[in-house]
Amino acid sequence: MARLESPADLERFRQQLISHRDPNLPCVTICSGTGCQAYRAEDVADTFVREIEKQGLKKKVSVRPTGCHGFCERGPIVVIFPQEICYLGVSSKDIPEVLSQTIVENRLVDRLLYKDIKTGQSIAYESEIPFYKSQNRILLGNNRLINPRSIDDYIALGGYSALTKALFELGRDKVLQMIKDANLRGRGGGGFPTGIKWETTRNAPGEPKYVIVNADEGDPGAYMNRSLLEGNPHSVLEGLIIGAYVIGSNQGFVYVRQEYPLAVQNVAIAIEQAREYGLLGKNILGSGFNFDVKVHRGAGAFVSGESSALMTAIEGRVGEPRPKYIRTAVSGIEGKPSTLNNVETWANVPLIMNKGVDWFKSIGSESNPGTKIFSLVGKVNNTGLVEVPLGTTLREIIFDIGGGIPKGKEFKAVQTGGPSGGCIPRSMLDMPVDFDELTKIGSMMGSGGMIVMDEDTCMVDIARYFVNFLCEESCAKCVPCREGLRQMLIILNNICSGKGKEQDIELLQEIAEVMQDASLCALGTTAANPVLSTIKYFRDEYEAHIREKRCPAGVCRELITYYILPEKCQACLICLRNCPADAISGSKGIVHVIDQTKCTKCGTCFEVCPTRFEAVVKLSGEPVLASTAGTKVTRRRRGKYGQHKTGN
Ligand SMILES: Cc1cc2nc3c(=O)[nH]c(=O)nc-3n(C[C@H](O)[C@H](O)[C@H](O)COP(=O)(O)O)c2cc1C
Ligand code: FES
């Protein structure tokens with residue numbers, strides 16, 4: 001491919017690409033994102049190619065690998081265009097049938113279709129699946145249409161037209177004004193206005209200036225940046241080139257964690273292709289603007305996602321934060337002005353250029369325009385990536401899109417904002433999700449992680465989990481964060497193991513205050529959020545642990561006891577045989593008994609006891625009844641007991 005020397009060249013090339021495509025020719029697209037690859041999507045793609053050859057269908061159908069569709073738990077996902085028939089959980093052995101039925105006979109393969117959770121009815125088209133129906137996928141939508149390794153696919157869909165508009169029609173000032181007018185707020189957590197950050201770097205003294213994509217994404221359970229970067233890398237690159245042009249930067253970086261190998265590969269390929277086409281490098285499209293990009297692979301520390309730490313890592317030093325008396329927008333890499341934006345923030349830029357400020361502001365709310373991608377995980381029926389207008393309520397996200405809580409359990413809380421976010425209770429389900437609302441209630445947006453918890457979750461244990469994560473991930477450079485997290489963890493461990501003291505809650509709050517006021521970086525200043533939010537909304541659980549030595553959710557090991565109800569035990573030997581600690585005695589006809597001195601509380605007996613007996617119970621805060629060793633079994637008629645295992 002020859003270099004594109006001008007916008008006219010690019011336009012001609014686009015028309016050529018479009019004219020070679022027949023929109024009515026069936027196209028089998030196979031998701032090749034990381035999630036589907038884990039389900040052997042590569043085998044599925046290879047088998048499609050082989051089987052098409054074998055069935056002599058080469059002229060009747062084409063095949064395209066695509067980026068992540070967001071519904072990764074149901075992968076590998078195959079969507080057949082132009083009808084957009086969506087097959088889930090496809091394996092290689094299904095492919096001859098998919099081709100002979102759907103491509104040749106125009107019939108659906110029912111078993112591969114989505115089944116509605118409530119009605120059990122099959123849903124054939126991707127856009128009608130409830131998980132997708134209420135989303136507004138302005139950023140993720142193209143993932144399903146393009147091969148992430150093909151710049152031609154991106155260009156055919158209008159790619160790089162925003163860049164030509166910025167370079168040749170609008171110019172630097174107008175582009176900056178558009179980003180400001182659109183009120184694009186940074187998607188990496190804080191919601192800082194992107195236009196103001198760009199302007200600060202542009203006006204700051206010092207050359208060279210740098211622009212950077214933050215694809216560190218270290219939050220547990222979050223993968224929206226990965227999916228966007230690996231699924232549509234050119235959308236991020238195009239935004240970055242436009243930003244560099246406005247700011248006056250000739251060098252950019254994509255900082256992406258090493259644990260994202262596919263994103264690293266796909267973005268490196270995209271950069272190479274853009275260079276070859278003259279969309280990166282010297283004199284881009286004949287505009288006189290020079291700009292190039294390097295990929296920097298991060299070593300996977302959560303704290304390296306923080307702006308000063310990330311820039312220190314790019315300089316080749318350990319990725320630890322430094323005091324930000326002067327913002328990185330003014331003094332970043334090597335002390336030079338540097339603008340860092342999140343993957344999603346950059347990907348919004350071409351959309352605003354192409355579709356306009358009014359269009360962007362028509363989505364979301366006045367102070368929070370546009371969409372946000374959330375990674376919806378945990379105790380929810382449909383897990384995956386969800387893109388919705390900012391201001392959508394938690395209820396809509398968790399119940400309409402996520403399909404509610406599995407196994408008929410009750411919703412308890414949702415944790416937003418990654419490890420330093422807060423836990424939001426049921427009473428706030430109708431709260432609109434945006435940068436400001438989440439901060440007001442003691443949580444935050446973070447980069448978009450959303451972990452749903454059901455009634456079986458202990459909120460003290462959850463706070464302990466996140467504090468433990470942050471304790472391990474803190475760079476330990478400043479005392480409030482290093483010691484504050486360590487002390488919090490000790491206190492939470494004590495509470496969870498029944499050694500909590502009356503004054504512990506107040507002590508946790510005091511430590512949190514110091515950390516918020518005095519930590520070096522935002523890891524420390526926000527680290528107390530999981531503790532403070534769980535104390536605020538679930539104080540009764542802390543009190544039950546401390547005062548009654550009881551874990552209401554039956555999670556904290558040291559506070560629970562497994563007990564076999566003698567009147568329900570049918571002496572079936574199942575728990576006895578499965579107990580890994582040999583802690584259960586009894587025999588045929590004789591009630592089984594757990595020796596509490598040997599029991600490791602692994603819960604195996606509780607899991608394996610047949611639901612028709614429900615003889616094993618979990619007790620917390622109650623004394624274990626006197627030994628029943630040697631008691632004979634009372635025979636019960638089947639079906640007398642409930643189907644659900646009893647809680648504490
Ligand atoms: C401990 C820590 C980790 C962070 N990790 C990320 C990250 O993985 N991705 C990200 O975009 N921002 C992360 N941030 C926020 C960045 O410091 C920075 O604010 C953001 O990248 C700016 O981009 P934006 O204006 O587009 O949001 C992190 C902040 C902290 C304190
Ligand atoms: S990786 Fe296939 S849907 Fe996400």
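Each reported figure results from applying straightforward, stated rules to the coordinates on display, with no laboratory input. The shown structure was predicted, so the numbers you read here are calculated from the model rather than taken from an experiment. FYI the Cβ positions are ideal-geometry reconstructions off the backbone, even for glycines, and counts take in every protein chain you see.
Quick look at the numbers
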item	result
Unit charges at the beta carbon, dipole of the chain: most positive-side option, GLY417, LEU385, CYS556	CYS556
Given LYS355/LYS379; LYS197/LYS355; LYS197/LYS336; LYS59/LYS133, the pairs whose alpha carbons are separated by over 26 Å	LYS355/LYS379; LYS59/LYS133
Per DSSP, loop chymotrypsin sites (Phe, Trp or Tyr not before Pro) in the range 509-544 with at most 11 further Cβ within 10 Å	none
DSSP beta bridge pairing in the chain, given as percent antiparallel to the nearest 5	60 percent
Hull volume in cubic angstrom per residue (convex hull over the Cα atoms of the range 97-220)	219 Å³
The range 225-268: Rg to Rh, with Rh as the Kirkwood radius over Cα pairs	1.01
Cα-Cα P(r), the range 496-540, percent of pairs per 5 Å interval	5, 21, 27, 23, 14, 8, 2
The range 212-327 - charge dipole about Cα centre, Lys and Arg +1 at Cβ, Asp and Glu -1, debye rounded to 20	320 debye
FRET efficiency, GLU455 to THR600 (Cβ-Cβ, R0 30 Å, nearest 0.05)	0.75
Cβ charges +1 (Lys, Arg) and -1 (Asp, Glu), total dipole of the range 286-351, debye	140 debye
Net charge dipole size for the chain [Lys, Arg +1 and Asp, Glu -1 on Cβ; Debye, nearest 20]	1540 debye
Potential lengthening between SER62 and GLU510 on full extension [0.36 nm per residue; Cα-Cα distance subtracted]	155.0 nm
Chain lengthening between ALA476 and ASP358 when straightened (0.36 nm per residue, less Cα-Cα)	37.9 nm
